[in-house]
Amino acid sequence: MRQGFDNDKYIELQAARIKERIARFGGKLYLEFGGKLFDDHHASRVLPGFEPDVKFRMLESLSDDVEIVIAVNANHIEKAKTRGDLGITYDEDVLRLIDVFRSRGCYVGSVVLTQYAGQPAADAYRRRLARLGVTCYLHYPIAGYPHDIERIVSDDGYGRNDYIETSRPLVVVTAPGPGSGKLATCLSQLYHEHKRGVEAGYAKFETFPIWNLPLNHPVNIAYEAATVDLDDANIIDSFHLEAHGETTVNYNRDVEAFPVLKALMERIMGESPYQSPTDMGVNMAGYAIVDDEACREAANMEIVRRYFTAAVNFKRTGTGEEQIERLRSIMKKAGVDEDLSPARAAALRREEETGAPAGAMVLPDGRVVTGKTGVLLGAASALLMNALKAVTGVDADLPVIDDKAIEPICRLKTEHLNSMNRRLHSDETLIALSITSAEDETAARVIAGLEQLRGCDAFFSVIISAADEALYRKLGVNVCCEPKYERLSLYHK
């Protein structure tokens, strides 16, 4: 698989840009950090070679200067808002983030509860944080936000918020998800610092859209596909074009909000240090792309994946039809369609030939292997085994898993766990393969091929189980499913 992104170059350039901003503002910078720090799988899919934690590794290179502040909206805690990718609430994710930061040597200074208005769940969370020894600050709703500049930048606005005590030159403000109040936290701190005679600065870190790629570059279009639920779009930064005569790309909401943000900074600092949303950014990802064609191909594939994800979600829930239509338009803009991956044609063809649900996977060398539902293995399990055999050079017809390892799992499922399906899911198949590998060299050779599947694309002719999808995700295999179920029942697990 071609690598389109240079992680080492990115870390070097990104760290240098942030240091430049710290120096520019006299040694104190509040950095609004958007997106995922540890598990940016969208970036790793559209920028082949981008490692999901490279942004955090970049911060590690600055660790002596970095302090982390985690913002979380009190209303999100009250409503038990959940991260869809992890299946945990935002308040739990804050604790997860603290643990990960600390485990990797980064200093977490505090948590700030934004939009705090005495919500009972938020109060309970504050007490929980106190018991855990985590400092928690409160920021309040401001009437007329964000347009009443006079009120916002006053003792009745930002002045009511707790001042967050910080001790390091780079304060990274991150959050469990969007709408958590990162920007407001940064601006409130600028106000309080200014009152204390400290001329701190602000900058924004967002990987996408990549400002120095063309508006209709597939990598930027893929970001529109990823955020289709927000009904937003990438646009040309008109402020940057007017101020600098340079065409750059930014998110429409950031461009629309810039006049208000500029007015707030002028009110706080006397004058705005920035003339455009692009000026505020520090993202250097575009300069670390080393194979543009590889990134274009990967991004086009991601656009199609987003389409199938939305189509499957609509099949499961009956909601989101408008997102499917928008994704069709996005695919058309990118010049791709549902058949972009050869895995789809192969999976549908195998199903038609055998009458059983099937899957196909494109291997790193471009070969396409298939697998179908059988007596003991489901389509996801069969495909996984066939793919592993292919990448490790084992004969596709050679039985690798000992029946003595499979049968006990089948009996456990049907006789004790009340399952109607005795076939093994892919996680159960790997357990059986692992048991066999203890005494069988071929099985050991096959299971050692798992890492070679990372980044491969798989397609299934039916919607696979949540267990199978989760296992493939852990292995780093990208999955798409035809939006149909294997069975005609009304309820599907």
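In summary, helices (runs of 4 or more DSSP H) completely within region 1-106 and bearing 2 or more residues that are in the same structural domain as HIS192 (by the TED database) and under 23 Å from TYR137 (Cα atoms) occur at 74-78, 90-103. Here VAL172 meets the list (1) buried (at least 18 other Cβ atoms within 10 Å of the Cβ); (2) in a loop (DSSP other than H, G, I, E, B); (3) of a type outside the set (S, T, N, Q) almost entirely, failing just condition (2). Restricted to region 237-268, and to residues that are among the polar types (S, T, N, Q) and crowded, with 20+ Cβ neighbours inside 10 Å, which residue is farthest from the chain's Cα centre (by Cα)? Per the stated criteria, the residue is THR248.
The conditions of being in contact (Cβ under 8 Å) with a residue 40 or more places away in the chain and farther than 21 Å from GLU486 by Cβ are not met by VAL375. Looking at region 191-266, the strands (runs of 3 or more DSSP E) lying wholly inside it that each contain 1 or more residues that are among the hydroxyl-bearing types (Ser, Thr, Tyr) sit at 201-205, 249-251. The single residue among ALA257, ALA356, ALA263 that is outside the structural domain of PHE33 (by the TED database) and either out of contact with any Cys (no Cβ under 7 Å at 6 or more places or on another chain) or without any contact (Cβ under 8 Å) to a residue 12 or more places away in the chain (or both) turns out to be ALA356.
Restricting attention to region 70-93 and to residues that are touching a residue at least 24 places away in the same chain (Cβ under 8 Å) and of a type in the set (A, V, I, L, M, F, W, C), the residue that is farthest from GLU165 (Cα to Cα) turns out to be ALA80. Taking into account only those residues within region 472-489 that are basic (Lys, Arg) and outside any helix (DSSP H, G or I), which is nearest to THR370 (Cα to Cα)? If we take residues in region 472-489 being basic (Lys, Arg) and outside any helix (DSSP H, G or I), then LYS484 is nearest to THR370 (Cα to Cα). Suppose we filter region 130-165 for residues that are in contact with a Ser or Thr (Cβ under 8 Å, 6 or more places away or on another chain) and outside any strand (DSSP E or B); how many remain? Going through region 130-165 one residue at a time, the tally reaches 7. The set of residues from region 98-114 being at pLDDT 95 or above and touching a Ser or Thr at 6+ places or on another chain (Cβ under 9 Å) comprises SER110, VAL111, VAL112, THR114.
Looking at this structure, is GLN3 polar (S, T, N, Q) and either in contact with a Ser or Thr (Cβ under 6 Å, 6 or more places away or on another chain) or under 20 Å from CYS186 (Cβ atoms) (or both)? Against the criterion (polar (S, T, N, Q) and either in contact with a Ser or Thr (Cβ under 6 Å, 6 or more places away or on another chain) or under 20 Å from CYS186 (Cβ atoms) (or both)), GLN3 does not qualify.
Scan region 127-140 and give yes if some residue there is buried (at least 18 other Cβ atoms within 10 Å of the Cβ) and more than 24 Å from LEU264 (Cβ to Cβ), otherwise no. Yes, region 127-140 contains a residue that is buried (at least 18 other Cβ atoms within 10 Å of the Cβ) and more than 24 Å from LEU264 (Cβ to Cβ). Being out of contact with any helix residue (DSSP H, G or I) (no Cβ under 8 Å at 6 or more places or on another chain) and aromatic (Phe, Trp, Tyr) is a condition met by no residue of region 278-291. When you look at ALA226, is it more than 24 Å from LYS55 (Cβ to Cβ) and either of a type outside the set (Val, Ile, Thr) or crowded, with 21+ Cβ neighbours inside 10 Å (or both), yes or no? No, not satisfied.
So that you can scan it fast, the table gives a plain yes or no per residue for (1) among the aromatic types (Phe, Trp, Tyr); (2) modelled with pLDDT under 95; (3) outside the structural domain of THR442 (by the TED database):
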| position | (1), (2), (3) |
| --- | --- |
| PHE308 | yes, no, yes |
| ARG316 | no, yes, yes |
| ALA345 | no, no, no |
| GLY371 | no, no, no |
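The sole residue among GLU439, GLU415, GLU469 that is over 30 Å from LEU47 (Cβ atoms), of a type outside the set (Lys, Arg) and either outside the structural domain of GLY393 (by the TED database) or in a helix (DSSP H, G or I) (or both) is GLU415. Right, GLY49: surrounded by 19 or more Cβ atoms within 10 Å (Cβ to Cβ), touching a Cys at 6+ places or on another chain (Cβ under 6 Å) and of a type in the set (Gly, Ala, Ser) or not? So GLY49 fails the test.
The values are calculated or read from the model by the stated rules, or taken from the named source; none is laboratory data. In this text, all values refer to a predicted model and were calculated from it rather than measured experimentally. No Cβ is skipped: glycine too gets one built from the backbone with ideal geometry, and neighbour counts run over all protein chains shown.
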